[in-house]
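Enquirer: Dumping the structure here so I can ask a few things about it.
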């Protein structure tokens with residue numbers, strides 16, 4: 001089970017991963033209980049899973065909100081796991097850029113410019129989304145499995161069809 005606001009104390013610059021059912025929403029902690037995150041213009045604080053329709057938008061707004069309001073009733077955790085891959089930028093740079101972007105309207109694309117891309121770019125200077133990569137790998141594996149399954153079925157059909165012809169020929 002993920003921690004609650006009372007279990008973990010984020011530090012300035014931490015990435016906050018919020019679990020909203022079938023996807024995760026991402027924010028950057030900027031101190032004093034506030035986060036900055038990329039969200040569709042229609043999203044309201046604590047939107048939770050109902051904000052899933054946000055993936056259909058082409059524009060998003062950089063918003064500043066209280067961590068508790070953005071998390072709502074969802075589970076969340078501090079997730080700086082890309083620290084193993086990239087060096088975090090200086091905290092003052094992360095916070096300054098995050099604050100400067102509040103209110104900006106940015107292009108939104110679930111595959112190339114989502115809230116996780118936004119948060120990782122603030123922390124590391126690199127826009128990366130592991131949930132998009134994982135989804136792509138899942139689709140690729142499913143596609144390969146389907147292709148293999150289809151190939152096996154075609155082979156079986158050919159073999160069974162061939163054996164029926166042979167039995168007709170021997171009768």
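Enquirer: For the residues 120, 73, 57, what sequence is obtained by ranking on other C-beta atoms within 10 Å, fewest first?
Expert: Neighbour counts put them in this order, fewest first: 73, 57, 120.
Enquirer: What does the C-alpha gyration tensor say about the overall shape of the stretch 15-128? Classify as rounded when a/c is under 1.5, otherwise prolate if a/b is larger than b/c, or oblate.
Expert: Since a/c stays below 1.5, the shape of the stretch 15-128 is classed as rounded.
Enquirer: Using the beta-carbon distance between residue 69 and residue 9 and R0 = 25 Å, what value does 1/(1 + (r/R0)^6) give for FRET efficiency, to the nearest 0.05?
Expert: E(calc), rounded to 0.05, equals 0.90.
Enquirer: Additional query: Multiply the residue gap between residue 84 and residue 97 by 0.36 nm, knock off their C-alpha separation, and tell me the result in nm, one decimal place.
Expert: Here the answer is 2.4 nm.
Enquirer: Using 0.36 nm per residue, how much length does the chain from residue 106 to residue 58 gain when fully extended, once their Cα-Cα distance is taken away?
Expert: 16.4 nm
Enquirer: Which whole-number percent gives the relative contact order of the stretch 15-128, counting Cα pairs below 8 Å spaced six or more residues apart?
Expert: 33
Each value in this text was obtained by applying a stated rule to the coordinates, not by laboratory testing. Please read all numbers here as calculations on a predicted model, not as lab measurements. Neighbour counts run over all protein chains shown; Cβ positions are idealised from the backbone, glycine included.
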